[in-house]
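Structure first, commentary second.
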Amino acid sequence: MNKHITLIIFIHILFFSIACSNKDKNKTNNSSSNKTSVKKDAKKSASAAQLNKAAQLIAGVSATDIAAVNAAAVFKKNCASCHGLKGDMALSGAKKLTESTASLVEKVAQIYHGKGLMIPYKNVLKDAEIIAVAKYVEQLR
Ligand code: HEC
């Protein structure tokens, strides 16, 4: 019986060490330079493709659809928890929206694609809601 348990433990240790050595291999194969470039990308502001997409969104939504959105309510429900009701709060690393110098396109890109601790809202809000709330944020300044 004791022998049995020892054998099982031995097999576990064996598999564990094989798994660990494979992990290390993957690490070296991927090379550490990849890691640094990923980090850099995460810090960069919206990419050209993201800004392009944002500009398309702004061009594609009609003024009537934007006007139909209760932007204040959208902001209160989705954004105020980090940015504050007046956009002057900075929780979870958020920026004070009252001090934001980002353009409308940059704001739409940030809301649509997300960044840092802020989630992307492309699947949460409708296009018209994203643009309406970005315009609402402009007014908070
Ligand atoms: C979980 C917290 C959180 C929520 C909720 C949130 N944000 Fe943010 N927001 C952030 C953070 C963090 C940043 C800074 C991201 C960075 O630059 O790394 C940010 C940045 C921004 C910026 C860019 C400001 C600038 O000058 O660069 C805008 C615009 C913005 N948020 C609007 C919104 C809107 C509109 C909503 C709601 C639809 C919202 N946020 C919801 C955390 C949040």
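The values are calculated or read from the model by the stated rules, or taken from the named source; none is laboratory data. Source: prediction; values computed, not measured. Don't worry about glycine lacking a Cβ; one is built from the backbone with ideal geometry, like all the others, and counts go over all protein chains shown.
Of note:
- Qualifying positions in segment 117-141 - without any contact (Cβ under 8 Å) to a residue 40 or more places away in the chain and over 16 Å from LYS53 (Cα atoms): LEU117, MET118, ILE119, GLU138, GLN139
- The set of residues from segment 108-141 being part of a helix (DSSP H, G or I) and among the hydroxyl-bearing types (Ser, Thr, Tyr) comprises TYR112, TYR136.
- Selection from segment 98-113 of residues that are near the ligand (Cβ under 8 Å from one of its atoms) and over 16 Å from GLN50 (Cβ atoms): GLU99, SER100, THR101
- Set GLY84, GLY116: member being more than 10 Å from the ligand (Cβ to nearest atom) and in the same structural domain as ILE131 (by TED's automatic domain parsing): GLY84
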